[in-house]
Every structure is written in structure tokens, then in C-alpha cells.
Amino acid sequence: MNILENAVECIKTQGKNYKKYSNKWNVMQQLIDIITAQPESAEIVLQDLKIKEMQLNALVASVINQRLADPYKIMTAICEFYAIPTPDELPPEVWRTNNASPAPTTPATENFINLMDLL
């Protein structure tokens, strides 16, 4: 298992009693989305999850107590909690694809112009 997989497994274990689609579950899922989108943050989060004050329950309590509704602000609060870089935009929701990593994006070929066609 690599570091990202270990981090995701640790997060899921710590949040195993969260009711699906609850606020707590959503915060947990967003953390998974963040570290999946930027795997370089997984090691930091994994190390922090071993410290009682930095475990998932502490993160969830911190975010929920702020009463944030904007997903971008929630993402920012999560990243600040673990002192990891905040992505410029919300990462894809990994749980919707039911897989450990987001689907690779493929560029649309119809958006490219072949310069030889212009000659």
C-alpha cells in the first residue's frame, strides 16, 4: 500500500461511524478528495491523523463549529487544519467514482487545430 492509500484507509477507519451524506461524512469525503487530488499532502495528513488532537473527529468538530456552507471555504478550513496547500479549485469527488483516485482527464481532440489543415 502506498502513502495515499494508507492515508485514505486511516481516514475511512476514523470516520467509519459517520452516517453517509451527513455533515461529518461530507467533511471526511472532502479531505479524501483533497489528498487524492494532491497526493503530496497525504503523508502530512497521515502523520497528523496519528496525533489525537489532529484526528478526523477534531477536524470535523473544527469545521462544523465554524458553520461553513461554502464548499470552497470548507476545503480551505480543512487545508488550514492540516497545514497543507489549498487547491485553486474543488477537487473531483472521488467517492462518486467509487475508486481511490480521480479519473484521468483526457483532452477533447475536437478542440485542437491541426496546423497542416491550414496549408
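Quick notes on this one:
- Around Gly15: net Lys/Arg minus Asp/Glu count, Cβ-Cβ under 13 Å: +4
- Carbon/sulfur fraction of accessible area - region 1-88, other protein chains in place, 1.4 Å, %: 50 percent
- Computed accessible area, Lys20, all protein chains, 1.4 angstrom probe, square angstrom: 120 Å²
- For region 4-102, the solvent-accessible area works out to 58 Å² per residue, with a probe of 1.4 Å and every protein chain left in place.
- Two numbers describe the Cα atoms of region 1-87: Rg and Dmax, which are 11.6, 35 Å.
The values are calculated or read from the model by the stated rules, or taken from the named source; none is laboratory data. Note that the structure is predicted; figures quoted are calculated from it, not measured. Heads up, the Cβs are rebuilt from the backbone with ideal geometry, glycines too, and the neighbour counts pull from every protein chain shown. Just so you know, the surface numbers come from the protein's heavy atoms only, side chains and all, with ligands and any DNA or RNA stripped out. Shrake-Rupley method; radii C 1.70, N 1.55, O 1.52, S 1.80 Å.
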